[in-house]
Structure formats: C-alpha cells, structure tokens
Amino acid sequence: MKTLIRLTAVSAMLTAGLVLAENAPINSNANEAKEVIKTFSMQLKGELKHALEEGGPLKAIAVCKERAPAIATEVGEKTGWQIGRTTLKPRNVELNTPDAWEQGVLNEFAKRKAAGEDVQTIAFGEVVETDAGKTFRFMKAIPTMELCLACHGTQIAPEVAKAIDENYPKDQARGYSEGDLRGAFSVSKPL
Ligand code: HEC
C-alpha cells in the first residue's frame, strides 16, 4: 500500500514536471507577446491622446485609421511578431474582423468577463498548427476607457459620427461604456 502511494506520488510529480516543462516555451512566448503588445499599445495610446488634445476626436480619427496599422507594422518589423487588433464588433471590417481562432478566443474572453474576471488581465495564448508550421498565437483583452467613448461610446458628437460613417460605412464599434470589453490585441509568431 505504502509503495503504491509512493509510486502515485512520484508519477504525479513526474507529470507535473512534464506539464511545467511543456508550458515553459508557452510562458516565455506569452511574456514576450505581452511586451510586444505593451510597446504597440503605449505608442498608439500616446499618439491618440496627443491628437485628441491637439485637435479633438475629429482630427484623432486619422490617428486610429492610419497610425494604428502603421505602428503595428513598425513594431512588428522590429520584433518579428505579427500584430493586430480584433473585436466581435469591428469598425474596420476589412482589417479587424476576427478569424475563426480569434472569434473563439473573443467569445471566451466575454465569458470570462461575465464571470467576474478583470478585463485588464484577461489573456490567452497557445501553439497552433498553421499551413506554415507551428505558430504561437496570443491575445490580450482591450478594455473600453473613458478616452475611447468620444468615438466608441453611446453619445458620439454628430460631426464625429458623420466622419466615422464616411470612413467606415459598415462600422459596428459604437455603443460601448467604460469597462466594456472593446476587443483584443492579437499577436503571433512562427516557432
Ligand atoms: C478619435 C476616435 C477614436 C478614439 C478616441 C478611439 N478610437 Fe478606436 N478606433 C477608431 C477608428 C477610426 C478605428 C478604425 C481603425 C482602423 O481603420 O484600423 C478604431 C479601431 C479600434 C479597434 C480595432 C477594432 C475595430 O473596431 O476595427 C480597437 C480595438 C479600438 N479602436 C479600441 C479603442 C480603444 C480601447 C480606445 C480608447 C483607448 C479607442 N479605440 C479610442 C477611432 C477611435
């Protein structure tokens, strides 16, 4: 009986060790992904804030439209990660509509938020098989802040709404309140 318990304990320890070893590359890739997202989001938020202060939401639309994809490319080239943003209700339907994997993760994020998890810390990463081989994919939730409401909120100024309509006739990214899940950063790297 004692031997059995000891064997079970040893095998449990071995399994735990294996799981830890298996998760090690995921953890280090996830940490790198978080850093890449931080660099991208801080630069974007900085430029957005600056544009809002200088010219108001009407002028700042251009930052979101041109600088968001441009910063994603810049940081992507520097780091070797593919960087994007996605959401269940996109404004830029062509660029930011989720693929099947992202849609699944976004649905999970919505469930996790509904279960009480803090949007600030909701994230998920895993290794997936693609046509190009093994790829690490990672997503981090984007909360809606007060700063975002001028263009994503429930009461958008008429001239701002008009400019959004002109640029994004299929826009779905309105009606959010502070604290809502706006979408997620989505990054990937071939392994
Ligand atoms: C000045 C208006 C404006 C403000 C303020 C603004 N956004 Fe946006 N947002 C846009 C525009 C325009 C796009 C489309 C960008 C594109 O063409 O890629 C967009 C796109 C996005 C996307 C990509 C998914 C999609 O819907 O296409 C996310 C995520 C997002 N915004 C989050 C935020 C968050 C979070 C804030 C606050 C920190 C914020 N936005 C503030 C105008 C704005």
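The values are calculated or read from the model by the stated rules, or taken from the named source; none is laboratory data. Predicted, not measured: the structure shown is a model, and the values here were computed from it. Side chains included, ligands, DNA and RNA excluded: accessible areas come from the protein's heavy atoms. Shrake-Rupley method; radii C 1.70, N 1.55, O 1.52, S 1.80 Å.
In Å², what does the accessible area per residue of the range 25-190 work out to with a 1.4 Å probe?
That works out to 55 Å² per residue.
Expressed as a whole number of Å, what is the distance separating the alpha-carbon centroids of the range 35-77 and the range 111-143?
Cα centres, the range 111-143 to the range 35-77: 22 Å.
Just list whichever of Lys134/Lys170; Lys45/Lys189; Lys45/Lys170; Lys49/Lys134; Lys78/Lys162 have alpha carbons separated by over 32 Å in the model shown.
Listed pairs above 32 Å: Lys134/Lys170; Lys49/Lys134; Lys78/Lys162.
Read phi for every residue in the range 37-44 and hand back ³J(HN,Hα) as whole Hz from Karplus 6.51 cos²θ - 1.76 cosθ + 1.60, θ = phi - 60°, with x for Gly and Pro.
Running phi through 6.51 cos²θ - 1.76 cosθ + 1.60 with θ = phi - 60° gives 5, 4, 4, 4, 6, 5, 5, 5 Hz.
Calculate how steeply helix 158-167 sits against the longest principal axis of the alpha-carbon atoms of the chain, using the helix alpha-carbon long axis, and give the answer as 0 to 90 degrees to the nearest 10.
On a 0 to 90 degree scale, this one is about 70.
Helix 68-79 against the longest principal axis of the chain: what's the angle in degrees, Cα atoms only, rounded to the nearest 10?
Relative to the chain, helix 68-79 is tipped by roughly 40 degrees.
Explain nothing, just the number: relative contact order of the chain, from Cα pairs under 8 Å at least 6 residues apart, as a whole percent.
24 percent.
Taking a temperature of 37 °C and a viscosity of 0.692 mPa s, what whole-number D in µm²/s does Stokes-Einstein yield for the chain with Rh from Kirkwood over alpha carbon pairs? Write out the running numbers ahead of the final one.
Values: Rh = 18.5 Å.
The calculation lands on 177 µm²/s.
Express the carbon and sulfur contribution to the solvent-accessible surface of the chain as a percent, rounded to the nearest whole number, probe 1.4 angstrom.
Looking at the chain in its full context, I get 57 percent from C and S.
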